[in-house]
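All remarks here apply to the structure that follows.
Bear in mind these aren't lab numbers, they're just calculated from the coordinates by the rules spelled out. Just so it is clear, the structure is predicted and the values come from calculations on it, not from any experiment. Note that we place each Cβ from the backbone using ideal geometry, even for glycine, and neighbour counts take in every protein chain shown.
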Amino acid sequence: MRATVTKRAFLPLAAAAMATVLAGCGSQIADPASAGSTTGSATSCVNTSGSSVKVGFINSLSGTMAISESTVFDSLSLAAEEINASGGVLGKQLEVISEDGASEPTKFAERAGKLIQQDCTAAVFGGWTSSSRKAMLPVFEANDALLFYPVQYEGLESSKNIFYTGATTNQQIIPALDYLAEQGTKSLFLVGSDYVFPRTANKIIQAYAAAKGIKVLGEEYAPLGSTEFSTIVNKVRDSKADAVFNTLNGDSNVAFFRQYKSVGLTADSMPVVSVSIAEEEVPGVGLDNVQGQLTAWDYYQTLDTPANKKFVAAFKAKFGAGRVTSDPMEAAYTSLYLWKAMVEKAASFDVDKVQAAADGVSFEAPEGLVTVNGGNNHITKTPRIGKINADGLIDTVWSSPAAVEPDPFLATYDWAKDLAK
Amino acid sequence: MELLIGQMFAGLSLGSVLLLAALGLSLTFGQMGVINMAHGEFMMAGAYTAFVVQQVISDAGASLLVSIPAGFLVGGVLGLVLEAVLLRRMYHRPLDTLLVTFGVALILQQAARDIFGAPSVDVRAPVWLQGNIELLGAPIPLTRLFILGLALVCLAGLVLLLKATPLGRRIRAVVLNRDLAETSGVSTRRSDQLTFFIGSGLAGVAGVAVTLIGSTSPYLGTNYIVDAFLVVVAGGIGQIKGAVIAAFALGVLQSVFEYSTTASIGKVLLLIVIVVFLQLRPQGIFSLKTRSLA
């Protein structure tokens, strides 16, 4: 009898223990201070004596983020190939060393350390999640190396060792709010995944709304990866808001939009503005579910610029006609060319010389002319509001009249004074 | 009022999803005592079956109806293979099965990534499941209603099988007292295989169902496995009726908590309730009275 009791008590315990392990998998948080602590000297070991120079790509090619980051890796590879075909950088061919960040911030920090110290790369490109960037930041600062980060993020950061080629908040979220205000939106409902980017973005949205007299009728967060949106969708529907601002990440978007549609909400009755759905994500979310909804980015595949036509054609030629290009891919492609331009202006691969030369360097990117702001290491970008069309691509419905200067700390906005603290 | 009804239904609906995910587990874990961490991945296999079937049969309605039995078969066969190749060697070593099946879960996830790609795929819902019906002003999504119905059908089928067929009688005999069943001429090998086939098949059906509400990705299983175990443990190991009550209770509680707080806090409150409940009643809602002497 005794043995049966023990066994029965054991089973639930074991299941609970395993459940805890699984739950922990989803939320690994890196400690930036201890990550990549193999740092030591800040002396660079970059070898520029030969006919080639090494650069590092660091993207998650496995794990949850692989879905997004492998596309960035593809467009970085395209840029490297193009640069090599046209003679390289300062006459040297780029030798790419690729590392898998495996969707884990600690891995990113460790691999970044390897790319800098063992591989002696002249610059590193990649990263996606803010947690991966924040884990890598101390590694790049301690080694005085360069990281080019290609994804829109929550702002409030600036490092002399990181160049941010994706949008900061005043190049994506604030223009989206300006657009909504211009369209007569009086009330908003905020829905996001529960982590750093949506929470920071929503703080900014709340401050903006308070200053411009827009009512925020609700602010709801779903755990990362959550697929259960009945309650949130009921709350959204009940609020009768004019529009929804969506900062959900990844697969949660699929569940959200499906369930949004199933209670009878549409792009006409209550439009959703998303900041994490680009061309790449549309098929997975299901075109039926998102057609007609709005997005806020700086680049769309449909943009009619000569540089974009060349980029899209080259990308499709290399990776297949069925592939699409998206904002982070364009920002990654642009980042390699910007580094090239900086190196050529500095006439050196040395980090301090590249940093000194960075201000004012520009590139005719697929999204339009972008210029590096040496003050905060971000670049000018042209915000655009898009509408998802029947082909799953995104049409521009509104575009900023001019490229917007990056302002990661929102210092030029009166209503945002308290946010940066 | 409208919102209240909407929320009530959300709770029932969540409960039905939990029930579908947990029903198969209550067989394999509950009846056989196998901690199968790959149960979620059998769900994922069912979901991808729905995707593959939809590539062949482009009519979303017909493909859904074909997917349900196909998902059952795919999940069941995966379960059968797992049982035959690995689990039967370690029936009295629950810790080993836990680790082995966790490894199998990772292998299946990677296999899905390699075959279908890392991005989630789109399984279209049939036209007759799009939209909703109004109940006193509250929209009741048809997909949710369908899942609720499917869960009840699966439940009825399982209960009928266990209570009213010779096969079910053999399964129950083995659960109650394996040695005595074996000496009475019941083939426990066959009974184990069939139990595992049915339990895993139900996971496949659950996988097909959740394509209607969420995304179909290699990680689908990890979203449900923890909740499924919670349902089985809270309901009482080996008790189908316990699992039913636990699934709907957890569903309703979660939607109440989530409504009155936020999604994240709601989940925390729910877990606290379960922990406290299991402190007071470690055997779950119902406990199995066996005649086992071992």
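Listing for the model above:
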read-out: Order of B:LEU202, A:LEU61 under a 10 Å beta carbon neighbour criterion, fewest first; value: A:LEU61, B:LEU202
read-out: Rg/Rh ratio calculated on Cα atoms of segment B:66-183 (Kirkwood radius); value: 1.08
read-out: Under 21 Å from the Cα of A:LYS203 - lysines, other chains or at least 8 residues apart; value: A:LYS134, A:LYS186, A:LYS212, A:LYS215, A:LYS235, A:LYS417, A:LYS421
read-out: Antiparallel DSSP beta bridges within the protein assembly as shown, percent to nearest 5; value: 40
read-out: Selected from B:GLN283, B:GLN254, B:GLN130 as most flexible by GNM, with chain B as the system and alpha-carbon contacts under 10 Å; value: B:GLN130
read-out: For segment B:1-140, radius of gyration divided by Kirkwood radius, i.e. Rg to Rh on alpha-carbons; value: 1.05
read-out: Shielding by other protein chains, B:272-284, mean Cβ within 10 Å; value: 1
read-out: Spread of Cα-to-Cα distances over 10 Å intervals beginning at zero, given as percent, for segment B:213-294; value: 17, 41, 31, 8, 2
read-out: Largest to smallest principal axis extent of the C-alpha atoms in segment B:154-222, angstrom; value: 48, 23, 15
read-out: Expected 222 nm ellipticity per residue - DSSP helices of 4 or more, -39500 (n - 2.57), all of the protein assembly as shown, to 500; value: -17500 deg cm²/dmol
read-out: Inter-chain Cβ neighbour average for residues A:231-239, partner chain, 10 Å; value: 6
read-out: Compactness relative to 2.2 N^0.38 Å, alpha carbon Rg of chain A; value: 1.02
read-out: Where only alpha carbons of segment A:138-224 are counted, the Rg and the Dmax (Å); value: 15.6, 50
read-out: Dimensionless Rg ratio for segment A:302-409, taking C-alpha atoms and the 2.2 N^0.38 Å reference; value: 1.19
read-out: Considering only chain A, percent of DSSP beta bridges that pair antiparallel, nearest 5; value: 35
read-out: Rotationally averaged projected area of chain B (alpha carbon convex hull; nm²); value: 16.0
read-out: Sparse-neighbour loop sites [trypsin sites (Lys or Arg not before Pro); segment B:200-294; at most 16 other C-beta within 10 Å; DSSP]; value: B:LYS289, B:ARG291
read-out: Ranking of A:TYR299, B:TYR91, A:TYR179 by count of other Cβ atoms within 10 Å, fewest first; value: B:TYR91, A:TYR179, A:TYR299
read-out: Calculated log₁₀ intensity ratio I(q)/I(0) where the Debye formula runs over C-alpha points of the protein assembly as shown, q = 0.06, 0.07 Å⁻¹; value: -0.38, -0.52
read-out: Residue order, fewest to most surrounding Cβ atoms within 10 angstrom, among B:HIS39, B:HIS92, A:HIS378; value: B:HIS92, A:HIS378, B:HIS39
read-out: Dmax and Rg, reported as Rg then Dmax, of segment A:121-278 (C-alpha, Å); value: 17.2, 54
read-out: Over segment B:1-43, equivalent-ellipsoid semi-axes from the Cα gyration tensor in Å; value: 30, 10, 5
